[in-house]
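Structure record follows, encoded as structure tokens.
The values are calculated or read from the model by the stated rules, or taken from the named source; none is laboratory data. In this text, all values refer to a predicted model and were calculated from it rather than measured experimentally. Because the Cβ atoms are built from the backbone with ideal geometry, glycine has one as well, and the counts that use them run over all protein chains shown. All accessible areas refer to the heavy atoms of the entire protein, side chains included, with ligands and DNA or RNA removed. Shrake-Rupley method; radii C 1.70, N 1.55, O 1.52, S 1.80 Å.
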Amino acid sequence: MRVLVVDDDNLVAISLKTILEADSEVTVVGIGQSGEEAVCLYREQKPDVLLMDIRMNGMTGLDAAECILKEDEAAKILFLTTFSDDEYIVRALNL
């Protein structure tokens, strides 16, 4: 499985990469740190799964997901968050 990881905290992104690649069936095809990077990297890499933080400065993970899903309705996106903000969660579920 090809996974793209996007989180504005580089330590979190690298840690997730390490954890995911402990499984020999998973390859992290890229790491990004913003919503803009998520969109660009998704277009370039066409991962099986995009693992992305919801809240990032600038373009949020939710905004990036909207852009990606407009281009690829079959995109598989998993959101990460440590926030319990209902607005973000509801919007993520609706995507």
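Would you say Ile54 is in contact with a helix residue (DSSP H, G or I) (Cβ under 6 Å, 6 or more places away or on another chain) and at pLDDT below 95?
So Ile54 fits the description; yes.
Restricting the first residue to the range 5-18 and requiring it to be over 13 Å from Leu50 (Cβ atoms) and of a type in the set (D, E, K, R), which pairs with a second residue that is open to solvent by 50 Å² or more (accessible area, probe 1.4 Å) and assigned to a loop (DSSP other than H, G, I, E, B) meet a Cβ separation below 6 Å and a spacing of at least six or different chains?
Close Cβ pairs (under 6 Å, with a partner that is open to solvent by 50 Å² or more (accessible area, probe 1.4 Å) and assigned to a loop (DSSP other than H, G, I, E, B)) amount to Asp8/Gln33.
The rows are residues; the columns are (1) hydrophobic (A, V, I, L, M, F, W, C); (2) touching a strand residue (DSSP E or B) at 6+ places or on another chain (Cβ under 6 Å); (3) at pLDDT 95 or above.
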{"residue": "Thr27", "(1), (2), (3)": "no, yes, yes"}
{"residue": "Ser34", "(1), (2), (3)": "no, no, yes"}
{"residue": "Lys46", "(1), (2), (3)": "no, no, yes"}
{"residue": "Ser84", "(1), (2), (3)": "no, no, no"}
{"residue": "Leu93", "(1), (2), (3)": "yes, no, no"}
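In the range 57-71, is there at least one residue being open to solvent by 50 Å² or more (accessible area, probe 1.4 Å), free of Cβ contacts under 8 Å to residues at least 40 places away in the same chain and closer than 17 Å to Leu11 by Cα?
For the range 57-71, residues open to solvent by 50 Å² or more (accessible area, probe 1.4 Å), free of Cβ contacts under 8 Å to residues at least 40 places away in the same chain and closer than 17 Å to Leu11 by Cα: absent.
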